[in-house]
Amino acid sequence: MRCCNLALLQSAVVLLAACSDDSVAPPIVLSVEATPETATFTALEESHQFSAVAKDANGHELQGVEFDWSTSHGDVATADGTGLVTAVGNGSATISAASEGISGSAEVVVRQAVTSIVVTPAADTLMGMGDYRWLSAAASDRNGHIATDVMS
């Protein structure tokens, strides 16, 4: 009887070993954090590198996670596949990093700062009393783009 029990026990161990799955399921992305949380751009074509971190249910950072980057307003800021965000127009936009259907976001504001004003014509001569000339002025940001929606 003892021999039969031992044989039965050995068979059960072999069966369990054959059925066991030693592979570990990959961690599931539970949250995504994008950084920096906010950024302000003061010139068109200005760029900032954003990054993202995926976390599991225990709050541990997951390595090797790839993210899809997007923007809520492509007329304000663009985001490439690496998280490089570039200002293209004044306004605000939400930049999102997503993985496995979970996303995190950051807010950007583009507000051009005037760094130069060009008056045209640069020089002119008035011929006499009562003579006048119309002048125009163009305000530009540090990258040379005409600043629009500028308040004094």
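Read through the list (1) surrounded by fewer than 13 Cβ atoms within 10 Å (Cβ to Cβ); (2) more than 30 Å from PRO27 (Cα to Cα); (3) in contact with an Asp or Glu (Cβ under 8 Å, 6 or more places away or on another chain); (4) among the β-branched types (Val, Ile, Thr), then give the number of the only condition that THR120 fails.
Condition not satisfied by THR120: (3).
Which condition number does GLN112 fail, the rest of (1) closer than 26 Å to GLY74 by Cα; (2) without any contact (Cβ under 8 Å) to a residue 24 or more places away in the chain; (3) in contact with an Asp or Glu (Cβ under 6 Å, 6 or more places away or on another chain); (4) not small (Gly, Ala, Ser) being met?
Answer for GLN112: the failing condition is (2).
Please state which one of THR40, THR78 is surrounded by fewer than 16 Cβ atoms within 10 Å (Cβ to Cβ) and either among the aliphatic types (A, V, I, L, M) or at pLDDT 95 or above (or both). Show your work before the answer.
Working: THR78 fails: surrounded by fewer than 16 Cβ atoms within 10 Å (Cβ to Cβ).
Just a single option satisfies the conditions, and that option is THR40.
Could you check the stretch 93-134 and list, in sequence order, the residues that are farther than 30 Å from ASP56 by Cα, among the small types (Gly, Ala, Ser) and outside any strand (DSSP E or B)?
Correct list: ALA113, ALA122, ALA123, GLY128, GLY130.
For the stretch 54-80, what are the residues that are part of a strand (DSSP E or B) and either in contact with a Leu (Cβ under 7 Å, 6 or more places away or on another chain) or touching a residue at least 40 places away in the same chain (Cβ under 8 Å) (or both)? I'd like the intermediate steps shown before the answer.
Initially, the stretch 54-80 is screened for residues part of a strand (DSSP E or B), giving 54-55, 61-62, 68-71, 77-79.
Within the stretch 54-80, ALA54, LYS55 meet the criteria.
The values are calculated or read from the model by the stated rules, or taken from the named source; none is laboratory data. A quick note: this is a predicted structure, and the numbers were derived from the prediction, not measured. No Cβ is skipped: glycine too gets one built from the backbone with ideal geometry, and neighbour counts run over all protein chains shown.
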